[in-house]
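The values are calculated or read from the model by the stated rules, or taken from the named source; none is laboratory data. Everything quoted here is computed from the prediction, not taken from an experiment. With ideal geometry, Cβ positions are generated from the backbone for all residues, glycine too; neighbour counts draw on all protein chains shown.
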Amino acid sequence: MIALLIAGTSTVCAGVRVQGDAAALRIDADKSQLSEVLAALGPRLNVRVQTSSPLDRVISGTYKGSLRDVLSRMLENYNYIVETRGNEVEVRVYGARGAPLPTAAPPGTMPANGRAAKRPGPARIGVPYIRQ
């Protein structure tokens, strides 16, 4: 899985500018890859992106609204989820919509150590399910 850790200033590359906060966000993209635009969100909004496929689609335009709304528009052709944990936002992209989704381990399967991993349930924003 490819991981993009996102943090920094309001301009990460020449073609992307980010202004505002999670409630009132404005992104200006000029012929930028989606991965660059998502990377630009980290510095201002503490966003981390994980993806199993390249996000090399080129986008241009102005995206305005809440973080949830902006992500929904930018990722409309992808299967993804958005989770929040404290002040962190994690975006997981599973590939293009219509492409095969990764499969989960069969029910009842245990890891090699014989213990199931325990993880606290995160608060979810945006799309709390895989969009198809």
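Some values worked out for this structure:
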read-out	value
All positions within segment 34-63 that are polar (S, T, N, Q) and either assigned to a helix (DSSP H, G or I) or within 15 Å of residue 17 (Cβ to Cβ) (or both)	35, 60, 62
Residue within segment 22-30 that is free of Cβ contacts under 8 Å to residues at least 40 places away in the same chain, buried (at least 21 other Cβ atoms within 10 Å of the Cβ) and in a strand (DSSP E or B) present	yes
Some residue of segment 64-83 being acidic (Asp, Glu), outside any helix (DSSP H, G or I) and surrounded by 13 or more Cβ atoms within 10 Å (Cβ to Cβ)	yes
Residue within segment 114-126 that is at pLDDT 75 or above and not small (Gly, Ala, Ser) present	no
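Residues are listed down the side, and each one gets a yes or a no for (1) over 20 Å from residue 15 (Cα atoms); (2) at pLDDT 95 or above:
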{"residue": "32", "(1), (2)": "no, yes"}
{"residue": "44", "(1), (2)": "no, no"}
{"residue": "71", "(1), (2)": "no, yes"}
{"residue": "78", "(1), (2)": "yes, no"}
{"residue": "85", "(1), (2)": "yes, no"}
{"residue": "98", "(1), (2)": "yes, no"}
